[in-house]
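> Attaching a single structure in structure tokens format; questions to follow.
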Amino acid sequence: MDWHLCLLLSLLGVFATEATTTKHMKDFIRAVESIEAVNPGLQMLDVVKGLRKAAGFDTDLIKRYLGDLSDAHDLVSDPSVTSYVSEVINHSLSEMGKEKGVVLTLDGSNVALAPMLLGLEAGLQSTVQGFYPLTLTHNLVTSFLHHVHNEQTTLPFGTKGFWDSISSPNVYSLSDLPSLATDALIIGGIDGFILGSEVSTSNDHERSLSDLLKSYYSHQPDAAGLDASPRLISQKRRMNFKKLVSFSSLKSQMVQALTVHRNLNESERKRLDDVMNEGFDQFVHVYAVCPNIITRSQWGAAAFIGSPSYLSLPVPYLFIHHTYQPSKPCTTFDQCASDMRSMQRYHQQTNGWSDIGYSFVAGSDGNLYEGRGWNWVGAHTYGYNSRGYGVSFIGDYTSTLPIKSAMDMVRYDFTSCAVNGGRLSSSYSLYGHRQATSTDCPGNSFYREIQTWERYQSYLP
């Protein structure tokens, strides 16, 4: 054996024992890098197909659009790396609510690798007719059909989850009733759709797979946040998806896929049509209208102390805050999640409150963080907690402004999401925190800015 290959295999063994212990995207990318190193000269498509072959991942649906794996390369790799790759590519749900085949990404999203890689492979093969079925259509249709027969024990789609550890993720557990199109499968499908579309219309075929994945999933914004970041990064997933997808085409393919289920009786067929129509509208709402909302379990929230009180929805008011402390904007999921935990500890342990006071908190990383959330009375604006949402921006905005993308996320995406979801009145009024009590919040500069926003009112009843 060539001594270069011996050395690379030796390094690969070190990698296998040290770097493949977590279900983080950076570890999957490192595994891909190590495989590329001992399989030189392969193009991206060769590596993608080789990974799928190594994982034993093949179905009739995949064969219909991508062909069989007879021409796929047998990739050279350490057995432990092959085992790791197989584990993180093959998706499954257990009866105990554990979801496998999912990795945590730098932006805080949870991504099922299978639909992401299938969409990418379809793009590399220029099999554009396979984009929708391989990334989204099949999973959504299967989930809707399963839900019709199991309405009491499942969700139509989009079940989110949480990791046993944010810093060293290994076990991913669902946080609600299961669905066959979990949030991770949908996010993976969206990423597959985006990346597949990108490589199908560019010269990215010559890039390595690890380089493409690093540029998409490993971008770390600087102090300017997403405003100065490249276009093709995971933090801009929703923006790119909305530009690329045809929702009418996606829905028509779903309707067509449902016609093959002829063994349903009339009432089941009617219920399936209702679930599909309602579910599709909700899918568009969650993944194209709303911002990406990081749930409490995702950022590692402590439990609520006592019993929360329900809000009466829709609420008529939206109050804008800044955190003041932390004073610096957070531009990564890790930092924003840490800031959320820090604020919650302060609100609970120092202020003696039941929970973090805000309804939601905007980071400069592209995410909106769930505080008290949609349904519970907060502790953000004295005298108005039961009549409005309090949305805070991480940072001190006395003399500066939040980055534009963060402001737009709340000004446009959050308000559209809240109004369309029936949580915020369509005739809502927007205020700064200082209009309700004696405080400088949300900072002089930011308060001047929100006075130009739609629905701002100078008079607070």
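> State, as an integer percentage, the relative contact order of the chain based on alpha-carbon contacts under 8 Å between residues 6 or more apart.
This gives 13 percent for the chain.
> Please name which of GLY373, THR295, PRO40 has its Cα lying farthest along the dipole of the chain towards the positive end, using unit charges on Cβ (Lys, Arg +1; Asp, Glu -1) and the Cα centre as origin.
After comparing all options, I get GLY373.
> Cut-off under 14 Å on the C-alpha distance; same-chain residues fewer than 8 positions from LYS270 excluded. Which aspartates and glutamates are left, in chain and number order?
Within the straight-line cut-off, LYS270 pairs with GLU278.
> Pull out a ≥ b ≥ c, the square roots of the eigenvalues of the alpha-carbon gyration tensor of the chain, then state rounded if a/c is under 1.5, prolate if not and a/b is larger than b/c, and oblate in the remaining case. Don't skip to the end; give the middle numbers.
On the way: a/c = 2.02, a/b = 1.48, b/c = 1.36.
Judged from the Cα gyration tensor, the chain comes out prolate (a/c at least 1.5, a/b above b/c).
> Right, something else. Per-residue counts of other Cβ atoms within 10 Å, averaged by peptide: what ranking do you get for 447-460, 343-356, highest first?
Output ranking for 447-460, 343-356: 343-356, 447-460.
> A further question on this structure: Along the Cα→Cβ direction, 7 angstrom out, place labels at THR201 and GLU268. What is the inter-label distance in nm?
For the pair THR201/GLU268, the computed spacing is 4.1 nm.
> Rounded if a/c is under 1.5, else prolate if a/b beats b/c, else oblate: with a ≥ b ≥ c from the C-alpha gyration tensor eigenvalues square-rooted, which is segment 315-451?
Note, shape of segment 315-451 comes out rounded.
> Please give the direction-averaged projected area of the C-alpha convex hull for segment 25-289, in square nanometres with one decimal.
Values: hull surface 58.6 nm².
Mean projected area of the Cα convex hull: 14.6 nm².
> Considering only DSSP beta bridges where both residues belong to the chain, give the percentage that are antiparallel (nearest 5).
Numbers: 13 of 32 bridges.
Just about 40 percent of them are antiparallel.
> How far apart, in nm, are two points set 7 Å out from the Cα along the Cα-to-Cβ line at ASP227 and at SER83?
Modelled inter-label distance: 5.0 nm.
> Still on this model: Relative to the Cα centre, what is the charge dipole magnitude of the chain, using +1 at the beta carbon of each Lys and Arg, -1 at the beta carbon of each Asp and Glu, and rounding to the nearest 20 debye?
1260
> Cα to Cα, under 27 Å, and not fewer than 8 places away if on the same chain: which lysines meet these conditions relative to LYS160?
Hits, sequence-local ones excluded: LYS23, LYS26, LYS98, LYS100, LYS214, LYS236, LYS242, LYS243, LYS251.
> Another question about this same structure. For the chain, with the dipole built from +1 on Lys and Arg beta-carbon atoms and -1 on Asp and Glu ones, taken about the Cα centre, which of ILE356, ASN240, CYS330 lies farthest toward the positive end?
Checked the options; the winner is ILE356.
No value in this document is a laboratory result; all are computed from the given coordinates. Fair warning: this is a prediction, and the values are worked out from it, not measured in the lab. Quick reminder, even Gly has a Cβ in these numbers, built from the backbone with ideal geometry, and neighbours come from all protein chains shown.
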